[in-house]
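Report on the following structure.
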Amino acid sequence: MPWRYVPSEMKRSALRLYESGLLELEDILDYLEMSRSTFFRVRRIWREHGDVVAPRYGLAGRRRAFHFEDIDYLLRLVRHRPNWFLDELQHLLQTNRFISLHFSTIHRELSRLGVSRKKLRKIAAERDE
(Lines give C-alpha, C1' and ligand atoms only; values in the text may rest on other atoms or scores of the structure.)
Protein backbone atom coordinates (compact mmCIF):
# COMPACT_ATOMS: atom_id res chain seq x y z
CA MET A 1 0.00 0.00 0.00
CA PRO A 2 1.42 3.45 -0.83
CA TRP A 3 1.97 6.00 1.91
CA ARG A 4 -1.00 8.15 2.79
CA TYR A 5 -2.06 10.30 5.72
CA VAL A 6 -4.26 8.50 8.26
CA PRO A 7 -6.19 10.89 10.54
CA SER A 8 -5.82 10.41 14.29
CA GLU A 9 -9.53 9.74 14.74
CA MET A 10 -9.38 6.92 12.20
CA LYS A 11 -6.47 5.39 14.09
CA ARG A 12 -8.42 5.59 17.36
CA SER A 13 -11.47 4.03 15.69
CA ALA A 14 -9.40 1.12 14.40
CA LEU A 15 -8.02 0.48 17.89
CA ARG A 16 -11.49 0.68 19.49
CA LEU A 17 -12.96 -1.74 16.96
CA TYR A 18 -10.10 -4.18 17.45
CA GLU A 19 -10.12 -4.01 21.26
CA SER A 20 -13.90 -4.39 21.48
CA GLY A 21 -13.77 -7.48 19.27
CA LEU A 22 -16.63 -6.30 17.04
CA LEU A 23 -14.74 -7.00 13.81
CA GLU A 24 -11.84 -9.15 12.73
CA LEU A 25 -8.55 -7.35 12.17
CA GLU A 26 -8.59 -8.04 8.43
CA ASP A 27 -12.07 -6.48 8.11
CA ILE A 28 -11.01 -3.37 10.06
CA LEU A 29 -7.94 -2.93 7.88
CA ASP A 30 -10.00 -3.45 4.73
CA TYR A 31 -12.76 -0.98 5.72
CA LEU A 32 -10.37 1.73 6.88
CA GLU A 33 -7.87 1.07 4.06
CA MET A 34 -5.05 0.81 6.57
CA SER A 35 -2.02 -1.43 6.26
CA ARG A 36 -1.28 -4.08 8.84
CA SER A 37 2.08 -2.50 9.71
CA THR A 38 0.43 0.91 10.24
CA PHE A 39 -2.14 -0.63 12.56
CA PHE A 40 0.46 -2.35 14.71
CA ARG A 41 2.69 0.73 14.75
CA VAL A 42 -0.28 2.82 15.97
CA ARG A 43 -1.06 0.15 18.56
CA ARG A 44 2.53 0.23 19.84
CA ILE A 45 2.50 4.04 20.03
CA TRP A 46 -0.84 3.87 21.89
CA ARG A 47 0.63 1.48 24.47
CA GLU A 48 3.81 3.50 24.94
CA HIS A 49 2.40 7.04 24.99
CA GLY A 50 -1.35 6.79 25.52
CA ASP A 51 -2.07 8.49 22.20
CA VAL A 52 -2.06 7.39 18.57
CA VAL A 53 0.48 10.05 17.59
CA ALA A 54 4.02 9.86 18.95
CA PRO A 55 5.13 12.99 20.81
CA ARG A 56 7.69 15.22 19.18
CA TYR A 57 10.84 15.94 21.11
CA GLY A 58 12.33 19.39 20.74
CA LEU A 59 12.48 21.49 17.65
CA ALA A 60 13.35 20.11 14.26
CA GLY A 61 16.21 21.54 12.29
CA ARG A 62 19.35 23.42 13.02
CA ARG A 63 19.59 26.05 15.74
CA ARG A 64 19.34 29.57 14.44
CA ALA A 65 22.50 31.65 14.34
CA PHE A 66 20.75 34.84 15.48
CA HIS A 67 19.47 35.42 18.98
CA PHE A 68 16.57 37.78 19.65
CA GLU A 69 18.85 40.63 20.75
CA ASP A 70 20.94 40.25 17.60
CA ILE A 71 17.87 40.35 15.38
CA ASP A 72 16.66 43.45 17.21
CA TYR A 73 20.07 45.08 16.69
CA LEU A 74 20.01 44.22 12.98
CA LEU A 75 16.53 45.66 12.61
CA ARG A 76 17.59 48.89 14.36
CA LEU A 77 20.59 49.16 12.02
CA VAL A 78 18.40 48.75 8.96
CA ARG A 79 15.87 51.29 10.17
CA HIS A 80 18.64 53.76 11.01
CA ARG A 81 20.46 53.41 7.68
CA PRO A 82 18.31 51.56 5.11
CA ASN A 83 20.87 52.11 2.34
CA TRP A 84 23.60 49.96 3.95
CA PHE A 85 24.68 46.90 1.99
CA LEU A 86 24.66 43.40 3.43
CA ASP A 87 28.44 43.28 3.74
CA GLU A 88 28.36 46.50 5.78
CA LEU A 89 25.71 45.02 8.06
CA GLN A 90 27.84 41.88 8.30
CA HIS A 91 30.86 43.94 9.38
CA LEU A 92 28.83 45.86 11.98
CA LEU A 93 27.43 42.64 13.43
CA GLN A 94 30.92 41.18 13.56
CA THR A 95 32.50 44.18 15.28
CA ASN A 96 29.66 45.25 17.58
CA ARG A 97 27.92 41.95 18.42
CA PHE A 98 30.84 39.53 17.82
CA ILE A 99 28.76 37.42 15.43
CA SER A 100 30.35 36.01 12.31
CA LEU A 101 27.61 35.33 9.77
CA HIS A 102 27.46 35.03 6.02
CA PHE A 103 25.60 37.83 4.25
CA SER A 104 23.08 35.32 2.90
CA THR A 105 22.10 34.52 6.52
CA ILE A 106 21.59 38.22 7.17
CA HIS A 107 19.47 38.49 4.02
CA ARG A 108 17.38 35.48 5.10
CA GLU A 109 16.75 37.00 8.54
CA LEU A 110 15.75 40.31 7.00
CA SER A 111 13.33 38.45 4.73
CA ARG A 112 11.85 36.64 7.73
CA LEU A 113 11.37 40.01 9.41
CA GLY A 114 9.47 41.24 6.38
CA VAL A 115 12.16 43.70 5.31
CA SER A 116 12.32 43.84 1.52
CA ARG A 117 14.24 46.04 -0.89
CA LYS A 118 11.00 47.78 -1.75
CA LYS A 119 10.39 48.67 1.90
CA LEU A 120 14.00 49.78 2.31
CA ARG A 121 13.72 52.05 -0.72
CA LYS A 122 10.56 53.55 0.75
CA ILE A 123 12.26 54.18 4.10
CA ALA A 124 15.29 55.69 2.36
CA ALA A 125 13.08 57.94 0.23
CA GLU A 126 11.24 59.18 3.32
CA ARG A 127 14.58 59.99 4.98
CA ASP A 128 15.71 62.04 1.97
CA GLU A 129 12.62 64.24 2.07
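If we scan region 39-46, do we find a residue that is without any contact (Cβ under 8 Å) to a residue 40 or more places away in the chain, under 17 Å from SER111 (Cβ atoms) and surrounded by 15 or more Cβ atoms within 10 Å (Cβ to Cβ)?
no
Just a yes or no: is a residue in region 78-85 in contact with a helix residue (DSSP H, G or I) (Cβ under 6 Å, 6 or more places away or on another chain) and assigned to a helix (DSSP H, G or I)?
No: region 78-85 contains no residue that is in contact with a helix residue (DSSP H, G or I) (Cβ under 6 Å, 6 or more places away or on another chain) and assigned to a helix (DSSP H, G or I).
Can you name the number of the only condition in (1) modelled with pLDDT of 90 or more; (2) among the basic types (Lys, Arg); (3) not in a helix (DSSP H, G or I) that ARG41 fails?
With (1) modelled with pLDDT of 90 or more; (2) among the basic types (Lys, Arg); (3) not in a helix (DSSP H, G or I) applied to ARG41, the lone miss is (3).
ASP51 - would you say it is not in a helix (DSSP H, G or I) and not hydroxyl-bearing (Ser, Thr, Tyr)?
The answer is yes for ASP51.
I need a count of the residues in region 52-89 that are among the aromatic types (Phe, Trp, Tyr) and exposed (fewer than 14 other Cβ atoms within 10 Å of the Cβ).
3
Of the conditions (1) in a helix (DSSP H, G or I); (2) within 26 Å of the chain's Cα centre (by Cα), ALA60 fails just one. Which one is it?
Every condition holds for ALA60 apart from (1).
The values are calculated or read from the model by the stated rules, or taken from the named source; none is laboratory data. Please read these numbers as outputs of a predicted model, since none were measured by experiment. Using ideal geometry, Cβ is built from the backbone for each residue, glycine included, and neighbour counts are taken over all protein chains shown.
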